[in-house]
Amino acid sequence: MSTDFYKIHILPYSAIIIKICRAYSNSQEDYEDYYQEVCLQIWKSRDNFKNKSEWSTWVYRISLNVCLSLLRKQKKHNSTNTSEESFNQFSNQSGLNESTKDYSTDIAKLYDAIKELGEIDRGIILLYLEKKTYKEIAQIIGTNSNSIGVKITRIKNKIKKQFNG
């Protein structure tokens, strides 16, 4: 992968790649593997991008697909790790910067709640938190935009119960 490709096509979207990888990984090591694999797959699939959507939509979709695929592989190979234990370890190692230190407990609780969601629901809520439109979310997830609003409402209710419980 060229440095120019990384700087132009991946680095500007690294924040969402990081969030998606963090939401689907259970340890710092997994997170790093997921991030690296997402970047590799974006580079490998660059010739398949046909400008039918925004590049950012393409990056979201690849990030979600890669993370879902890696998560499924990991579940098959590693059923002994408890996700809560691993995530707590990951949260403590994630290196939140000074400006978010005061919110680190709330952020960790939010990620805990997101981790309890199903695989697709995690992707939907992450995209919602990134202020994507229902249409964009549907396009990235590969579903009907009419159902996204209902799904988001249900997901928010689940998170509220988990966050407050």
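For each pair in Lys73/Lys151; Lys50/Lys115; Lys7/Lys160; Lys19/Lys44; Lys52/Lys109, compute the distance between the two Cα atoms and list the pairs where it is over 29 Å.
Check vs 29 Å cut-off fails for Lys50/Lys115; Lys7/Lys160; Lys52/Lys109.
When a/c reaches 1.5 or more, the comparison of a/b and b/c decides; with that in mind, is the stretch 124-165 rounded, prolate or oblate per its Cα gyration tensor?
The shape class here is prolate.
For the peptides 157-164, 65-72, what is the packing order when you average, over each peptide's residues, the other Cβ atoms within 10 Å and list the highest mean first?
Sorting 157-164, 65-72 by mean packing, highest first, produces 65-72, 157-164.
What shape does the stretch 1-46 take by its C-alpha gyration tensor, where a ≥ b ≥ c are the square roots of the eigenvalues and a/c under 1.5 counts as rounded, a/b above b/c as prolate, and the rest as oblate?
prolate
What is the extension gain from Asp106 to Val150, computed as 0.36 nm multiplied by their sequence separation minus the C-alpha to C-alpha distance, in nm to one decimal?
13.3 nm
Bear in mind these aren't lab numbers, they're just calculated from the coordinates by the rules spelled out. Predicted, not measured: the structure shown is a model, and the values here were computed from it. Here the Cβ is made from the backbone with ideal geometry for all residues, glycine too, and neighbour counts use every protein chain on show.
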